[in-house]
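In what follows, a single structure is set out as structure tokens and then discussed.
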Amino acid sequence: MKRIRRSMLFLPGANAAMLSTSFVYKPDSIMFDLEDAVSIKEKDSARLLVAQALQLPIYRESGIETVVRINALTTPFGLHDLEAVVRAGVDVVRLPMTNCAHDIHQLEDEVTRIEKSCGREVGSTKLMAAVESALGVVNAVAIAQSSPRLIGIALAAFDYLVDMQTERGDGTELFYARCAVLHAARVAKIDAFDVVYANVNDDEGFLKEVNLAKKLGFNGKSLINPRQIELLHNAYAPTLAEFEYAKKVVEAAEEGEQAGLGVISLNGKMIDAPIIARAVTTIELAKYSGIRREI
Ligand SMILES: CC(C)(COP(=O)(O)OP(=O)(O)OC[C@H]1O[C@@H](n2cnc3c(N)ncnc32)[C@H](O)[C@@H]1OP(=O)(O)O)[C@@H](O)C(=O)NCCC(=O)NCCSC(=O)C[C@@](O)(CC(=O)O)C(=O)O
Ligand SMILES: [Mg+2]
């Protein structure tokens, strides 16, 4: 089954206390941050802490994917970050401020070099791109298609909105960027991640945004607080009615196939290949995440 990535939890890399407990919250992916959540004077210690954390077996044992957001390769820290985390066996490197396909090509060349020098299988380190500028959004398709190592593309609203000379509001300000990033991901057949929701005490506002992201088609969201994980997972879980309907669709499709029917219907409604595929995905998701609880 394809890896499910609904929640990607940012964790400030210099925070040893958070590092020591992060796995208990069971996000789909933990994203150790070496970029903006780490002050300049803590960059080196954070890199060491994160490299140590990556080598703990607990993440693999609990099925949590490890992601590290490195500093941009144009900074004095980026290449040091990359050396440390690839050697430590990170699953995915997230590149902030990705503006064009060349940024990913450059990252990939460095990753290949490091993998060869430390004996990691070439290609085993996956990548993801964070798009945080108007240029990155405009180039989203080229970025998403730039490497077979890419597992996803994320929209980063804070930096993007500064570049756009506006601020967070009702979502209108992110409409074009969300659609562009999402289409790029679907063209490249990789995952798409929606923006961070900054007010960790506003469950209602968070869920409104989660529901929008889900409806648009995002695989999940970047998160900043463990309290957002369960809310997100529950919102992405199928309802009981959706699950029951999906089972009926699959049963009807199987019966139709056995009877040699070209076209099948369920309660008078035509069931075609996309509806069957959607039903199979719903059943798989329900097995993985359970049925949605009403809150
Ligand atoms: C927001 C807040 C300060 C709230 O603190 P609070 O203290 O009120 O939280 P509480 O809920 O009370 O904590 C209860 C318990 O959970 C523990 N706990 C909390 N957060 C945890 C966590 N993240 N991981 C593990 N553990 C955690 C905590 O230690 C405590 O543990 P314990 O004491 O044992 O009970 C805190 O969450 C936090 O620092 N978040 C991470 C912030 C961050 O990473 N920002 C950078 C990424 S965005 C960016 O850069 C913009 C971007 O680039 C984005 C893009 O690229 O997409 C763009 O441009 O848009
Ligand atoms: Mg940013």
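Some values worked out for this structure:
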| quantity | calculated |
| --- | --- |
| Residue satisfying all of: in the range 145-164; assigned to a helix (DSSP H, G or I) and touching a Lys or Arg at 6+ places or on another chain (Cβ under 9 Å); farthest from ligand 2 (Cβ to nearest atom) among these | L161 |
| Flag if R168 is in contact (Cβ under 8 Å) with a residue 24 or more places away in the chain, within 16 Å of ligand 2 (Cβ to nearest atom), assigned to a loop (DSSP other than H, G, I, E, B) and in contact with a helix residue (DSSP H, G or I) (Cβ under 8 Å, 6 or more places away or on another chain) | yes |
| First in the range 62-86 and closer than 9 Å to L34 by Cβ, second anywhere and of a type in the set (F, W, Y) and assigned to a loop (DSSP other than H, G, I, E, B), Cβ under 6 Å, 6 or more apart | N71/F77 |
| Pick from the range 201-243, criterion touching a Lys or Arg at 6+ places or on another chain (Cβ under 6 Å) and assigned to a loop (DSSP other than H, G, I, E, B), ranking: least open to solvent (accessible area, probe 1.4 Å) | A237 |
| Flag if S29 is closer than 26 Å to L232 by Cα and away from ligand 1 (no atom under 11 Å from the Cβ) | yes |
| Count - residues of the range 108-135 that are touching a residue at least 12 places away in the same chain (Cβ under 8 Å) and under 21 Å from L79 (Cα atoms) | 16 |
| Inter-residue pairs, beta-carbon under 8 Å, first closer than 19 Å to F193 by Cα and within 16 Å of ligand 2 (Cβ to nearest atom) and in the range 23-51, second outside any helix (DSSP H, G or I) and among the hydroxyl-bearing types (S, T, Y), 6+ apart | M31/S222; F32/T66 |
| Residues (within 23 Å of E42 (Cα to Cα) and within 16 Å of ligand 1 (Cβ to nearest atom)) located in the range 75-106 | T75, F77, G78, D81, V92, V93, R94, L95, P96, M97 |
| Residue under evaluation L285, criteria (1) open to solvent by 30 Å² or more (accessible area, probe 1.4 Å); (2) at pLDDT 95 or above, criterion not met | (2) |
| Some residue of the range 116-130 being basic (K, R), in contact with a Leu (Cβ under 9 Å, 6 or more places away or on another chain) and in a loop (DSSP other than H, G, I, E, B) | no |
| Residues that are open to solvent by less than 20 Å² (accessible area, probe 1.4 Å) and small (G, A, S), drawn from the range 12-22 | G13, S22 |
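To keep it simple, each residue is scored yes or no on (1) closer than 27 Å to Y236 by Cβ; (2) surrounded by 15 or more Cβ atoms within 10 Å (Cβ to Cβ).
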| position | (1), (2) |
| --- | --- |
| F10 | yes, yes |
| V24 | yes, no |
| V38 | no, yes |
| A84 | no, yes |
| H105 | no, no |
| T112 | no, yes |
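The values are calculated or read from the model by the stated rules, or taken from the named source; none is laboratory data. Not measured: the values here are computed from a predicted model. Heads up, the Cβs are rebuilt from the backbone with ideal geometry, glycines too, and the neighbour counts pull from every protein chain shown. Calculation scope for accessible area: heavy atoms of the full protein, side chains included, ligands and nucleic acids excluded. Shrake-Rupley method; radii C 1.70, N 1.55, O 1.52, S 1.80 Å.
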